[in-house]
Amino acid sequence: MTAIPAAAPAPAATISAPGSGRTAGNRWVYLLLVGGLVFMVGPFLWMLLGSIKPQADFLTAPTILPSVPTTDNYSRLFNQLDFPRFFFNSSVIALAVTVGNLVFCPMLGYALAKLRWRGKRVIMGLVLATLMVPAGITLIPNFILMSKLGFVNTYPGLILPFLAGPFGVFLMRQFMYGVPNELLEAARMDGANEFRVFWSVVVPIATPVLATLGILTFLGNWNSFLYPLVMAQEPQMYTLPVALATFATGQYQADHGMLMAGSVILVVPVLIVFILFQRWITEGIATTGLKG
Amino acid sequence: MTVPALAQRRTAEAAPSASRRPWRDDLVGWAFAAPFVILFVVFLAFPILASFLLSFTSFGLRDIANPVGTSVIGIKNYVDLFADPKFWKALFNTFYFVVVGVPVTLAIGLLIATALSRGVTRFRTAFRVGYYLPVITSIVAIAVVWRFLLNPDAGLINMLLSGLGIKGPAWLADPVFAMPSIIAMAVWRNLGFAMVVFLAGLQTIPAQLYEAAGIDGAGRWQAFRYVTIPMLRPTILFMTVITTIGYLQLFEEPFVMTLGGPLDSTLSITMYMYQQGFTFFHQGYASAIAYVLFVIVALIAFLQFKFLRSDE
């Protein structure tokens, strides 16, 4: 009789690790994971350490640690080059695009999931069909369009094409489809019009999904490269990736210390956002299977 | 009397719960849709069509002032493309990147996900965050850092190799090693994405299946081979397509690390499109390159759709 409660945990142990040699097996698993982690984090540490090495360190045989830690590379970025400006450009563009997507995508997502209107199926088909279109395909026509509008080298030229992304509509429609109709009906019974229903009932429920969309849109645009490379041709409109790539392939290509410091400036804000919000990001990706 | 009654009944049948004023529903629906749809049509749908049309023209720098005035040259761009050795080289390089990069990325991603999902309880979040970090960082920054890691004189990799008594190659300056170096970096950057999606897929596999496999005497490898792989098939297929579509658009890595060299060994389709469109200003020709890539991507997306359909 007493054997029964004692035996109960046994199947659980079998589930977590079939076969024999569980502890020894787990040790190997941890060893693999830790080894892999060193490999994943290593380049970031190399970047951080490189950014505080004095220039002399790059002329001798490479070392892991700086001979004398210095902030010299950073001050050159900020004083000789216009990194505060690039940082500002990247922030303005990524924030504006994020706000646009947070406004336009839920609206269309709601109309597609919960409203009845003619043309809905066509719009839905069109938006979903563009979900996987390569970014390169719209680059040249948009460049010509922006040239005609006089928007090359301006914020509107860098922001407008990304304000309404199909990914956000896909994400929002999926979510809004699951919102119970009874909830919306109750609000309509109380005399609320559709905009009121959307604003006071749907938006509050959708807050976590909106957070996911906001974070993914911000990260995607902060890191965006091909389009700003084409559209920002004058240095005062460079975003951080464009500036870094231009310096790395141009006159500063051997200035390792400064390039590492530039990479730190580009990477660290993203790491902070990620570590603060990692649950929303990984869950959003796992449920949609898309990076944004 | 019967005619209006019939008509009334017909509308009632067609839309049983529709409001009495369908035009009003249309108005509300379009009010929600219009802001997105306008931006979508102007900056996405129209450009997709426009680049198709551009690919049949000789559009160049001079035509920007008057785009409509460019000369239509039929399929000449595509004919030229077919005879262009650089285009074939770019196509080959891109496929090389995809064919080696995708399986390696997914295999390592799946390995890490399986390791994390079984028996690992401590530091789970730390592992997840650590492996995912590169996915959300800028490819440009990563490419700059890796170029420095791979630097034959000042880089960490050859320093570590020389510690083992091996003289490392010039990596990015060597036509044989340049593409494998870029593949290694892409795997490093993207395996965390595969890991997260596979982790979500693994959570949907019922524990009883592993239990049953365990009772039948299956070891770790057998459980992986006969339970995990078959159960994850849809996720693996989906990830293969998503990763392939992403990898086909290779651009930042060669742009920053090699500029397509040495000897065009890392020139990708998008890189070649960029060169033709914005270095040489042959925008008609570049549009044809972009469209070839578009068709390849569309074909893969379509095949996935067919496969997933026949799977269920």
Are there any pairs with C-beta distances below 8 angstrom linking a residue in region B:40-52 that is more than 7 Å from every other protein chain (Cβ to nearest Cβ) to a residue that is polar (S, T, N, Q) and crowded, with 17+ Cβ neighbours inside 10 Å, with the two at least 6 apart or on different chains, and if so which?
-> B:52/B:287
Given the conditions (1) in contact with a Leu (Cβ under 7 Å, 6 or more places away or on another chain); (2) touching a residue at least 24 places away in the same chain (Cβ under 8 Å); (3) within 26 Å of residue B:303 (Cα to Cα), which single one is not true for residue B:258?
-> (3)
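Would you point out the residue of region A:121-146, among those that are more than 30 Å from residue B:61 (Cβ to Cβ) and among the small types (Gly, Ala, Ser), that is least open to solvent (accessible area, probe 1.4 Å)?
A:125
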Residues located in region B:212-241, provided they are without any contact (Cβ under 8 Å) to a residue 12 or more places away in the chain, more than 9 Å from chain A (Cβ to nearest Cβ) and within 16 Å of residue B:110 (Cβ to Cβ) | B:225, B:229, B:230
With the first residue restricted to region A:244-270 and required to be more than 25 Å from residue A:60 (Cβ to Cβ), and the second required to be polar (S, T, N, Q) and modelled with pLDDT of 90 or more, Cβ contacts under 7 Å at 6 or more apart or on different chains are A:244/A:263; A:266/B:138; A:267/B:137; A:267/B:138; A:270/B:137
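Mind listing whichever residues of region A:104-118 are of a type outside the set (A, V, I, L, M) and either more than 7 Å from chain B (Cβ to nearest Cβ) or surrounded by 18 or more Cβ atoms within 10 Å (Cβ to Cβ) (or both)?
Answer for region A:104-118, where residues must be of a type outside the set (A, V, I, L, M) and either more than 7 Å from chain B (Cβ to nearest Cβ) or surrounded by 18 or more Cβ atoms within 10 Å (Cβ to Cβ) (or both): A:104, A:105, A:106, A:109, A:110, A:114, A:117.
Results for (1) within 30 Å of residue A:58 (Cα to Cα); (2) among the charged types (D, E, K, R); (3) under 22 Å from the mean Cα position of the chain (by Cα), shown as yes or no for each residue.
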residue: B:166; (1), (2), (3): yes, no, no
residue: B:193; (1), (2), (3): no, no, yes
residue: B:197; (1), (2), (3): no, no, yes
residue: B:205; (1), (2), (3): no, no, no
residue: B:214; (1), (2), (3): no, no, no
Set B:115, B:143, B:107: member being of a type in the set (Gly, Ala, Ser), in contact with an Asp or Glu (Cβ under 8 Å, 6 or more places away or on another chain) and either under 30 Å from residue B:207 (Cα atoms) or crowded, with 24+ Cβ neighbours inside 10 Å (or both) = B:143
Does residue A:230 fit the bill of being closer than 25 Å to residue A:139 by Cβ, touching a Gly at 6+ places or on another chain (Cβ under 6 Å) and open to solvent by less than 30 Å² (accessible area, probe 1.4 Å)?
-> no
If we keep only residues of region B:199-232 that are among the charged types (D, E, K, R) and under 17 Å from residue B:118 (Cβ atoms), then the residue surrounded by the most Cβ atoms within 10 Å (Cβ to Cβ) is B:220
Residues of region B:261-312 that turn out to be assigned to a loop (DSSP other than H, G, I, E, B) and under 24 Å from residue B:47 (Cβ atoms), as a count | 3
Criterion violated by residue B:103 - all others in (1) in a helix (DSSP H, G or I); (2) within 13 Å of another protein chain (Cβ to nearest Cβ) satisfied | (2)
Take the residues of region B:233-257 that are charged (D, E, K, R) and closer than 17 Å to residue B:180 by Cα: which is surrounded by the fewest Cβ atoms within 10 Å (Cβ to Cβ)?
-> B:252
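The values are calculated or read from the model by the stated rules, or taken from the named source; none is laboratory data. This is a predicted model, so every value here is computed, not measured. Please note: Cβ atoms are built from the backbone with ideal geometry, for glycine as well, and neighbour counts cover all protein chains shown. These accessible areas exclude ligands, DNA and RNA; they are computed on the full protein's heavy atoms, side chains included. Shrake-Rupley method; radii C 1.70, N 1.55, O 1.52, S 1.80 Å.
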